[in-house]
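Below you'll find the structure, written out as structure tokens, and then a few comments.
The values are calculated or read from the model by the stated rules, or taken from the named source; none is laboratory data. Note that the structure is a prediction, hence the values are computed from the model and not measured. Here the Cβ is made from the backbone with ideal geometry for all residues, glycine too, and neighbour counts use every protein chain on show. The area values use the complete protein model at the heavy-atom level, side chains included, leaving out ligands, DNA and RNA. Shrake-Rupley method; radii C 1.70, N 1.55, O 1.52, S 1.80 Å.
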Amino acid sequence: MEDEIYEIIAKVVAGETLSDEERQDLKVWREEHEREYQLLVQLEEPVRFIRERGGIVRDVAYKRVARRLERGKQRKIRRYAYISAVAGVLLVIGIALTWWGLPFGEKGTMEQPFRPGNGQVMLTLKHGEVVPLKRDVKEVIVADTVLRVTNEGNTLVYSVMQGEVQEDTYNVLTVPVGGEFRVILSDGTMVFLNSGSELRYPEAFRDGQREVFLKGEAWFEVAKDSVRPFRVHAGEMDVRVLGTSFNVKAYERMESIATTLVTGSVEVTCNDESFRIVPGEQFEYRKGLKLASVREVDTELYTSWKDGYYKFRQASLEEIMTTLSVWYGLEVFYQNEEAKRLEFTGKVKRYEDVGNLLRKFEQTENVVFNRKGNNVIIQLK
């Protein structure tokens, strides 16, 4: 069993895929040797670094481990034999890192942490002037006799002063990948724009109706107005409301668009069909199939992003990575189709470094994430 275990450890170090039987053997070994297993867990960062630079030949790793094993046998102390063998793996990694010019334990040249939420948000005014919006700073953007626009620190606020706006003039708020921003429209409606989204809206609503145009994802808290319905145009989908809170997801690159209702009532029109949904329901339209449907959902699964976290319940890895790719700006590739179907349940912090987040997924399933910049390659262990 000892020789087999060290063969398995050597394969792990070399970045090779374990068979089901080998994974089971490693699991059994862990149950009896948790302390030694934790030493192996500590190798995660340097092993990842080595894989990105070509990996280690398994035979070399095994010889190092085997030599340490023999020393352990000579001592005739089983527990220390395992610790010594794991130390052999550390030695292999230490040699490799020295070869590449990186002292063991130094992370300066490894993949840099990436924490989203700070992308540059841009406001395009009616005459084409583009204004970069500063964060956590109060500033006046527009101030005249009719309209006042201020940045209240991550929230853009529109206020109609005296008189009426004489023409329909639109502004565009553009939020980059990894960014987010709020805007309070002239009627008091609050819109929270998610990463990689754009909202086109009038400086002030006129002529008995309120209309905005969305690309991407946004959370709406619509100010009640029984005379003027509020409409959101998002791709093939139009959403009509009076006063309510709901989420609209309509990224152009995604295969489906959806409206998830939390309070109130909305009417969704898509491909000349109309659907009325109530709180706790979601309208979804699959573009490729041209299929529309309404279903009951846990709304938190689709709106938690605005509260600083993502919640998943038996969600496929493919679905999760699609969501995370929008926020972190990732390009995701799969080496195994089966990896797409792995399921996860839980909550993850929205502002966590993407590297830490992916490692948490690795700890719960037999999956490996190899990241180089914004490219992520996913494979089964």
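Odds and ends about this structure:
- Of all residues making up region 277-288, the number that are more than 21 Å from T323 (Cβ to Cβ) and either touching a helix residue (DSSP H, G or I) at 6+ places or on another chain (Cβ under 8 Å) or part of a strand (DSSP E or B) (or both): 1
- The set of residues in region 203-225 being closer than 19 Å to G280 by Cα and open to solvent by 40 Å² or more (accessible area, probe 1.4 Å) consists of E221 alone.
- Residue list for region 226-236, filter: surrounded by fewer than 23 Cβ atoms within 10 Å (Cβ to Cβ) and either touching a strand residue (DSSP E or B) at 6+ places or on another chain (Cβ under 7 Å) or closer than 21 Å to K126 by Cα (or both): R228, P229, R231, H233, G235, E236
- Residue match in region 224-239 (condition: at pLDDT 90 or above and among the hydroxyl-bearing types (S, T, Y)): no
- Of all the listed residues (T322, T299), the sole one being of a type in the set (V, I, T), touching a residue at least 60 places away in the same chain (Cβ under 8 Å) and at negative phi is T322.
- Residues of region 245-266 classified as free of Cβ contacts under 8 Å to residues at least 40 places away in the same chain, of a type in the set (S, T, Y) and surrounded by fewer than 23 Cβ atoms within 10 Å (Cβ to Cβ), total: 4
- Selection status of Y328, surrounded by 14 or more Cβ atoms within 10 Å (Cβ to Cβ) and either within 26 Å of K381 (Cα to Cα) or touching a helix residue (DSSP H, G or I) at 6+ places or on another chain (Cβ under 8 Å) (or both): yes
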